């Protein structure tokens with residue numbers, strides 16, 4: 001009985017015209033199963049734009065199955081240092097097109113889609129040199145930031161774009177742009193990779 005009831009309720013979730021029928025035919029028990037089914041489905045849905053903390057924890061502690069080539073590791077490190085494709089191409093004496101291809105491979109292998117994601121991977125893999133400034137000094141600089149700016153910094157480092165951050169914090173995109181400008185000015189950082197490194201160093205990630 002419970003199995004057929006559960007099947008009926010879950011079927012009703014795909015056809016809202018059947019929801020009221022399913023509930024009325026099964027009474028309070030049907031309502032409880034419906035709520036459980038909705039809860040189960042909502043928890044299984046992926047959240048787009050906002051990185052899952054468990055995923056980030058996996059990045060820090062679990063080895064990747066797909067190994068990176070020495071060249072890919074070199075480019076990953078340069079990306080995390082804040083270099084653009086043109087700068088990387090000049091540094092490794094390759095074409096910009098070649099660098100773009102390597103970056104595409106990095107995104108594919110590391111399941112990332114933005115500079116912040118590549119930077120987090122490089123940090124988690126221990127590819128970055130020791131920061132020029134001590135962690136205590138970085139933390140002192142971070143104290144210049146307001147609570148809202150720290151919040152924006154964390155979201156930027158997690159790979160969120162301005163539009164998503166504006167929606168999440170219920171502010172205008174212009175306001176988020178202003179916060180990012182202030183953060184960069186206060187920290188002396190001018191690119192996403194640098195913001196991500198800073199957030200990582202002071203424990204925001």
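A viscosity of 1.567 mPa s and a temperature of 4 °C, combined with the Kirkwood radius over Cα pairs in Stokes-Einstein, give a translational diffusion coefficient for segment 63-198 of 82 µm²/s. Rounded to the nearest 0.05, the FRET efficiency derived from the C-beta distance between residue 169 and residue 95 at R0 = 45 Å is 0.65.
With the cut-off at under 12 Å, measuring from each backbone N in segment 186-201 to a point 7 Å along the Cα-to-Cβ line of residue 114 picks out 192-193, 196.
What's the exposure ranking of 98, 112, going from fewest to most Cβ atoms within 10 Å?
Working: 98 16, 112 19.
Ordered by Cβ neighbours within 10 Å, fewest first: 98, 112.
Would you please put 189-198, 173-182 in order of how densely packed they are, using the mean number of other Cβ atoms within 10 angstrom per residue and starting with the highest? Can you show the working numbers first?
Values: 189-198: 21.0, 173-182: 15.9.
Most protected by this proxy first, the peptides run 189-198, 173-182.
For segment 135-201, the orientation-averaged shadow of the C-alpha convex hull comes to 3.9 nm² (one quarter of the hull surface).
Each reported figure results from applying straightforward, stated rules to the coordinates on display, with no laboratory input. Quick caveat, the model's predicted, so the values are computed rather than measured. Cβ: placed from backbone, ideal geometry, glycine included. Neighbour counts: every protein chain shown.
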